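Novice: Before I ask anything, let me first share the structure, which is written out below as structure tokens.
The values are calculated or read from the model by the stated rules, or taken from the named source; none is laboratory data. Only a predicted model underlies this, so the values are computations on that prediction, with no experimental measurement involved. Here the Cβ positions follow ideal geometry from the backbone for every residue, glycine too, while neighbour counts run over all protein chains shown. Accessible surface areas use protein heavy atoms only, side chains included; no ligands, DNA or RNA. Shrake-Rupley method; radii C 1.70, N 1.55, O 1.52, S 1.80 Å.
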Amino acid sequence: SIFLGRFFFGAIIVALITLIISIPVNIALIYGAAYISHWYAKEQQKSSVPLLHHAYTIALYAAPAALLGALAVAITSVIGLGFIGSLASLALNVYALYLIGIAFKRLHQFTQPNQEWITIGIYFVAYLVFGAILGVILGVLSAPFLFAAVIS
């Protein structure tokens, strides 16, 4: 009974910390990936759309998907079904990418076909690369704290 209470309380704390940390991390990832995909649209496809409009279009769909996905993971992790929350988060983010692609078609008005999907692909790859880099940095910075928590 005491063990289950400590486990449940610990799961809630971890879920809250995950939710709090995921917001600024996702903002940084979205901006970095938006910058790279805007560079492609501007330099390679001669789009005249400013970075602010490009990033706003991405944030309009990606930010709510990331927030709802983090919330789904946090809630389902507390009840031991984190995998289902992760699948829901993945589905929300894939749908957001689809909506961003549709919005890019209207926003940039590319002259060549399917450039909005290439721009989305560049955004997605940049998001993954920045996420991996940020994950390594956060992992290295948090390792001493996690090690101290395991020992005590």
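Novice: Two decimals is fine: what's Rg over Rh for the stretch 62-113, C-alpha atoms, Kirkwood radius as Rh?
Specialist: Result for the stretch 62-113 is an Rg/Rh of 1.22.
Novice: Once the Cβ-Cβ distance between residue 140 and residue 63 is put in as r, and R0 is 25 Å, what FRET efficiency do you end up with, to the nearest 0.05?
Specialist: Efficiency at R0 = 25 Å is approximately 0.40.
Novice: A further question on this structure: Taking springs between alpha-carbon atoms closer than 10 angstrom, which of 74, 132, 41 fluctuates most in the Gaussian network model of the chain?
Specialist: The residue that fluctuates most here is 132.
Novice: Quick one: pull the percent of accessible area on the stretch 1-128 belonging to carbon and sulfur, 1.4 Å probe, ligands and nucleic acids left out.
Specialist: 75 percent
Novice: How large is the translational diffusion coefficient of the stretch 34-73 in µm² per second when you combine the Kirkwood radius over alpha carbon pairs with Stokes-Einstein at 4 °C and 1.567 mPa s?
Specialist: 117 µm²/s
Novice: Determine the order of 9, 104, 130 by accessible area, beginning with the largest, at a probe radius of 1.4 Å.
Specialist: 9, 130, 104
Novice: Any chance you could look up the accessible area of residue 136 with a 1.4 Å probe, heavy atoms only, rounded to 10 Å²?
Specialist: 100 Å²
Novice: Rounded to the nearest 500, what is the 222 nm mean residue ellipticity of the chain from helices alone, with -39500 (n - 2.57) per DSSP H run of 4+ residues and division by all residues?
Specialist: -31000 deg cm²/dmol
Novice: Taking Cα atoms of the stretch 27-152, Rg/Rh with Kirkwood Rh, to two decimals?
Specialist: Rg divided by Rh gives 1.08.
Novice: Another one. So how much slack lies between residue 51 and residue 20, counting 0.36 nm per residue of separation and subtracting their Cα-Cα distance, in nm?
Specialist: 8.5 nm is the gain from fully extending residue 51 to residue 20.
Novice: A further question on this structure: Using a 1.4 angstrom probe with every protein chain in place, what is the largest-first accessible-area order of 43, 116?
Specialist: 43, 116
Novice: Once fully extended, how much extra length lies between residue 106 and residue 28, figured as 0.36 nm per residue of separation less the alpha-carbon to alpha-carbon distance?
Specialist: 25.6 nm
Novice: Then there's this: Out of the stretch 23-114, which trypsin sites (Lys or Arg not before Pro) are coil in DSSP terms and have no more than 12 other C-beta atoms within 10 Å?
Specialist: In loop regions of the stretch 23-114 (DSSP not H, G, I, E or B), the sparsely surrounded trypsin sites (Lys or Arg not before Pro) are 46.
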